[in-house]
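Written out below as structure tokens is the structure these notes cover.
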Amino acid sequence: MTFSLDRYPYLGTRERVQDIDEAIRRVREYHPNAHQEGSTGAERTFWVGKKHVAHAWPVGSAVIGRPGVGFWLRINRSPIEDIEEV
């Protein structure tokens with residue numbers, strides 16, 4: 001059985017980033033007011049109010065927290081007014 005933290009494909013195309021700091025920078029390029037919340041270890045969801053705008057998770061569940069491995073990132077690049085509240 002394969003376990004994946006890729007839970008929100010509706011957010012957009014998956015891209016790879018080097019670390020969580022790069023993920024935060026990329027999310028804030030589209031949503032400057034986004035804040036992050038932790039969910040499972042190094043996994044992070046990003047919100048603007050009640051609008052889910054992005055999700056980042058480590059590449060490979062076996063390497064959570066290992067430096068240099070990277071993160072996957074999905075960002076909803078729609079204007080914030082077009083994103084529905086969750």
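Since every read-out is calculated from the coordinates, none of them should be taken as a lab result. In this text the structure is predicted, and so the values were computed from the model without any measurement. FYI the Cβ positions are ideal-geometry reconstructions off the backbone, even for glycines, and counts take in every protein chain you see.
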Sticking with the crude label model, points 7 Å out along Cα→Cβ, report the distance from V59 to Q36 in nm, one decimal please.
1.7
Neighbour counts of other C-beta atoms within 10 Å: give me E43, E15, E81 arranged from fewest to most.
E81, E15, E43
